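Structure first, commentary second.
The values are calculated or read from the model by the stated rules, or taken from the named source; none is laboratory data. Keep in mind the model is a prediction, meaning the values are calculated, not measured. Cβ placement follows ideal geometry from the backbone for every residue including glycine, while neighbour counts extend to all protein chains displayed.
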Amino acid sequence: MSWETVIGLEVHAQLSTNTKLFSSASTKFGSEPNTQVDLVDLGLPGVLPVVNKDAFKKAITFGLAINADINQESTFDRKNYFYPDLPKGYQITQMTLPIVEGGSIEINVDGNIKTINITRAHLEEDAGKSIHDAYPDKSVIDLNRAGTPLLEIVSEPEISSAKEAVSYMKALHQLVTFLDVCDGDMSQGSLRCDANVSIRKVGDSELGTRTEIKNINSFKFIEKAINFEIKRQIKVLENGDKVIQETRLYDSLKDETRPMRSKEFANDYRYFPDPDLLPVIISDDEMDEIKDSFPELPNDKSKRYISELKIDENEAQIISSSRELSIFFELAVDSESDPKLAANLLVGEIGSLLNKDNIKINESNLSSDNFNTLLKRISDGTISKKIAKTVLADIWDSGKDADEIIKNQGLVQIQDESIIQDIAQKILEANPDQVAAFKAGKDKLFGFFVGQVMKETQGKANPKSVNDILKKLLS
Amino acid sequence: MDNKTVETISYLARLKLDKDKKDKITKDLENIINFVDELQDINTDDVTPLANPLEKTAPKRKDFVNSKDRKEVFLENSPQSDQDYFIVPKVVE
Amino acid sequence: MSIKYKTLSELKELLEKKDISSFELVEETFKNISSSKTNSFITLNEEVALTKAKEFDQGECEGDLAGLPIAQKDLFCTKNLRTTCGSRILENFIPPYNATVVENLSKAGSICVGKTNMDEFAMGSSNETSYFGAVKNPWDLERVPGGSSGGSAAAVAEGLVCAATGTDTGGSIRQPAALCGITGIKPTYGRASRWGMIAFASSLDQAGAFARNAEDCALLLNHICSHDEKDSTSLSNDKENYLENINNDLKGKKIGIVKEFDISNLSKEVQDSFEQSKKIFESLGANFVEVSMPNIKLSVPTYYVVAPAECSSNLSRFDGVKYGYRAENVNDLEDLYIKSRSEGFGDEVKRRILIGTYVLSAGFYDAYYKKAQQSRRMIKNDFVKAFSEVDVIMSPSSPSSAFKIGSKTEDPIEMYLEDLFTISSNLAGVPAMSIPHGFSKNLPIGLQLIGNYLEESEILNFAHQYQKNTDWHIRNPDSGDNS
């Protein structure tokens, strides 16, 4: 029996706005519980929602990036249900007329490019947090998160495997972080995924019964949860049973999905347009403003790095695919510094240091200004590339200014050819056997002489000059 | 308006009707629905539903934080809470 | 000197002339309230009110309404002062903030003496559904004052205060004003902020005022109406001075009589008063024009879909979790919800929540809510057309005078029909007011004036001119003149 998988993903991205969707409370993560709750967020009697302009800006930016249609008139609906972390007893969402419709995302799975179409992306408010293990017989509620703006991105059921699902999530992650729409911190819950999974016999046109796995918050778990669910559903069907349409949770400790507690009566959300909010109109002027501030996307950036800045393709891809790295890079490079060199160091030395310390470039001690200085000192010959690496290591630890380090440690490159000549002469006179061997044909010994000169000058001699001078002296 | 329907909508609204009042309320609901069913007879083809009498559209707020920390007030005035949280009976997911 | 039945303007003059101090005013107000039998107040604000009165007397307060005691309907959130909405579920609720309407009136210097009784969550036309007991009509204590703002109407009608706020969702200011023989006004939807106004039906609710005459209402409206950034439905039109045009000439003005408002089956007294009032306006130079509003008969069924639907959702926040009543001895979360809400809400509220839940439930949205909003547009269009032909529309405010307490509580639909004349203006969002214009069975009846969008000044003008030429608004329960 040959089975094929049909997966649709609903991703909730917390928008990186300063305030909530309908109130001006802060959305900052990690604050003391219930300290970022506005009167509106608590759902007190008499409070009213006022929509956040920036939330729309970010939603539209996302829509434009995926080539979707933007509904310049969109509306909000109420989704009614009872849960302790839902203060008003309803969630304000966009069911009927969402801000974004259509669009697509390209994913790359083991070299194969596939387009996944997007059904819609809409704005809605997040609920608060319920914590169930603070007390044995009670649950507790923190409403800091209540009201945070979410962009719910719904894909068409065109994903065919757990691997594709992960690729899709990664592509989405890169896009939303790049666009500064969402900070993408999955451990903090900024990006959460619900997976709708069903299977059917190969060749069948009808979709099988699907289950929904809710709130998966890491790439690894997405893959595992979906794979488990596929296997489970296949087993069910092969046994002659039917797959039950239900909501399931992924248990990462046991690596399995299990059904959520089912309700006695199916939830009827009784959607209707929210009478406290009116249709939201995005004017043509506002659209132009958003389009003008639209950031350059990774692919376009990469192409530009390669064609204009002559950066190596691999390095261009790496830098352009990270928002922080590309911002850092573009700030550090100017007319007096070499972009190729910058890219090289960024991906090489700096990349290693970032990995070692497990931080992002903007969390390091190296500022783009300082990096710019360092690059200039290499280009103008003050220091050699080799010395630059030690300066870099120093900056990494101390955060000190590049020029200060070069000065204090006397690392200025020796450019004066007469000095180098003297030292080279001395080295050659001190090693007559090696000179003879070299002249007899042992070419490799050239490196030895270079090394000796470098050692004598503590690495500060201009390598090119050393090479030229030694060649002359040995000829 | 049969019993099952009344039960379903009562549950959706998290309301429990006293046994002695249940019949009266069911009858009341039936009468009210019959009363409003008058609307079914009108022709509303091509009529846009009214969202707001003056066709107003939503104002948009600038994204600046402007809210007080009222944790103490909120928790003090809640039915049950501890230093940090609102408290409810244990919820099982 | 008795302050009972004095108008806002009269009291203001007394204060300015220092014939009386604000402290004396407030003190006597509380004395009158304590000896009143109408049950028009739920919570009194003695300490704060007397303090504010002293401040005025020491010259520390300014504003149009400075030093004047007024009452607030218990649907407006008043900071640190209990706000119940006439319900057990908010029996001990102390809001941490002020409604904008409350804030505005406070900034104008007025002194809130207390929160008035009302039908629970503004659902009712008789003030019999309050958890805190029915309000009695000061003209006849065995009769209802009307609702849902029954307490505010009774308080003004009894002369306890010269002014009170109310809210009007389907007639809840106009109908009690009529039944209590005083003046009440509801402005255009969106003219007054709904921030802090506990929501019943969001697209219909509007704040307004009760006073002894139209002039006083105009002054109150000057402060009640404002643009509020915190309310997305708040209109941003320029502020108006509603007193500016109140004395305009009515010559040549056209008054519309709605063909479809059949008053022929109302009592003879109601019909006679209506005819008399027409003559008064004719004598002032206005002409009467019959207007047809064919969809107005859909008003009551439309309202009883839209209002319950919106309220069923608005009242979901009362779940016993964050504030308000929580039942004791609950076994689990479901129990908490069901017990708290079932014990906290009264029958009429439960009825409306159930209707609302039903009409919004799966499969019914198109047939009910959407249909009702379409019907609403048709009613609005009728008004737009009518106002292209006339300046104001006139009708009785309610089908009859005050009925006996308990006489209409069996059949909810009978109660719903009390709102026959008033409901359409809420559905369309146009401003409307009620002024006293006679008696039926020795009880006051009211005349309704409906204006075009944003034309509060127009209807106040008509009302004021009428009151300059009649004395219905000067009668009171003690004057012994009920005919």
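Miscellaneous remarks
- One residue alone among C:ASP231, C:ASP272 is touching a residue at least 24 places away in the same chain (Cβ under 8 Å), surrounded by 14 or more Cβ atoms within 10 Å (Cβ to Cβ) and more than 24 Å from C:LYS385 (Cα to Cα), and that residue is C:ASP231.
- Within region A:92-107, if we keep just the residues that are in a strand (DSSP E or B) and surrounded by fewer than 17 Cβ atoms within 10 Å (Cβ to Cβ), the residue that is modelled with the highest pLDDT turns out to be A:SER104.
- Selected residue (only one of C:GLY208, C:GLY159, C:GLY147 is in contact with a Lys or Arg (Cβ under 7 Å, 6 or more places away or on another chain), away from chain A (no Cβ under 14 Å) and under 14 Å from C:LEU75 (Cβ atoms)): C:GLY208
- Selected residue [surrounded by 15 or more Cβ atoms within 10 Å (Cβ to Cβ) and farther than 26 Å from A:LYS376 by Cβ] from A:ILE427, A:ILE414: A:ILE427
- Contact annotation: residue pairs with Cβ atoms under 6 Å, 6 or more positions apart or on different chains, pairing a residue in region B:79-93 that is more than 9 Å from chain C (Cβ to nearest Cβ) and part of a loop (DSSP other than H, G, I, E, B) with a partner that is surrounded by 12 or more Cβ atoms within 10 Å (Cβ to Cβ) and among the β-branched types (Val, Ile, Thr), are B:TYR85/A:VAL140; B:TYR85/A:ILE141.
- Test for B:ILE25: is it over 30 Å from A:THR148 (Cα atoms), in contact with a Phe, Trp or Tyr (Cβ under 8 Å, 6 or more places away or on another chain), part of a helix (DSSP H, G or I) and without any contact (Cβ under 8 Å) to a residue 24 or more places away in the chain: no
- Among the residues of region C:66-103, those that are touching a strand residue (DSSP E or B) at 6+ places or on another chain (Cβ under 8 Å), aliphatic (A, V, I, L, M) and away from every other protein chain (no Cβ under 14 Å) comprise C:LEU68, C:ILE70, C:ALA71.
- In region C:180-205, the residues that are away from chain A (no Cβ under 14 Å), in contact with a Leu (Cβ under 7 Å, 6 or more places away or on another chain) and either part of a strand (DSSP E or B) or within 20 Å of C:VAL300 (Cβ to Cβ) (or both): C:ILE185
- Failed condition for A:ASP443, given (1) outside the structural domain of A:ASP338 (by TED's automatic domain parsing); (2) outside any helix (DSSP H, G or I); (3) in contact (Cβ under 8 Å) with a residue 24 or more places away in the chain: (3)
- Residues of region C:258-269 satisfying the condition of being loosely packed, with under 12 Cβ neighbours inside 10 Å, over 17 Å from C:PRO444 (Cβ atoms) and charged (D, E, K, R): C:ASP262
- Subset of region A:20-30 that is within 7 Å of another protein chain (Cβ to nearest Cβ) and in contact (Cβ under 8 Å) with a residue 12 or more places away in the chain - its residue that is farthest from C:GLY320 (Cα to Cα): A:SER24
- Scanning region A:31-52 for residues that are more than 28 Å from the chain's Cα centre (by Cα), outside any loop (DSSP other than H, G, I, E, B) and facing chain C (nearest Cβ under 10 Å) yields A:LEU39, A:VAL40, A:LEU42.
- Selection count, region C:381-414, where residues are over 21 Å from the mean Cα position of the chain (by Cα) and either buried (at least 23 other Cβ atoms within 10 Å of the Cβ) or over 30 Å from C:VAL135 (Cβ atoms) (or both): 11
- The condition of being among the charged types (D, E, K, R) and under 30 Å from A:SER367 (Cα atoms) holds for only one of A:ASP422, A:ASP397, A:ASP416, that being A:ASP397.
- Scanning region A:108-161 for residues that are surrounded by 23 or more Cβ atoms within 10 Å (Cβ to Cβ), acidic (Asp, Glu) and either within 20 Å of the chain's Cα centre (by Cα) or under 19 Å from A:THR5 (Cα atoms) (or both) gives no hits.
- Helices (runs of 4 or more DSSP H) completely within region C:300-398 that count 2 or more residues being under 30 Å from B:PRO79 (Cβ atoms) and β-branched (Val, Ile, Thr): C:347-360
- Selected residue [surrounded by fewer than 18 Cβ atoms within 10 Å (Cβ to Cβ), outside any loop (DSSP other than H, G, I, E, B), of a type in the set (D, E, K, R) and more than 7 Å from every other protein chain (Cβ to nearest Cβ)] from B:ASP45, B:ASP20: B:ASP20
- Taken together, A:GLU349, A:GLU313, A:GLU308 contain a single residue that is out of contact with any Phe, Trp or Tyr (no Cβ under 8 Å at 6 or more places or on another chain), free of Cβ contacts under 8 Å to residues at least 60 places away in the same chain, surrounded by 15 or more Cβ atoms within 10 Å (Cβ to Cβ) and not assigned by TED's automatic domain parsing to the domain that holds A:GLY46, which is A:GLU349.
- Counted residues, region C:276-319 - those being in contact (Cβ under 8 Å) with a residue 24 or more places away in the chain and more than 12 Å from every other protein chain (Cβ to nearest Cβ): 17
- Members of region A:446-475 found to be over 29 Å from A:THR390 (Cα atoms) and in a helix (DSSP H, G or I), listed by number: A:LYS472, A:LEU473, A:LEU474
- For region C:342-363, taking the residues that are more than 8 Å from chain B (Cβ to nearest Cβ) and surrounded by fewer than 19 Cβ atoms within 10 Å (Cβ to Cβ), the one that is nearest to C:ILE296 (Cα to Cα) is identified as C:GLY363.
- Residue check for A:ALA171: modelled with pLDDT of 95 or more and either away from chain B (no Cβ under 14 Å) or touching a helix residue (DSSP H, G or I) at 6+ places or on another chain (Cβ under 9 Å) (or both): no
- Residue in region A:284-295 that is more than 30 Å from A:VAL40 (Cβ to Cβ) and either in contact with a His (Cβ under 9 Å, 6 or more places away or on another chain) or surrounded by 14 or more Cβ atoms within 10 Å (Cβ to Cβ) (or both) present: yes
- Any hit, region A:73-95, residues being more than 8 Å from every other protein chain (Cβ to nearest Cβ) and small (Gly, Ala, Ser): yes
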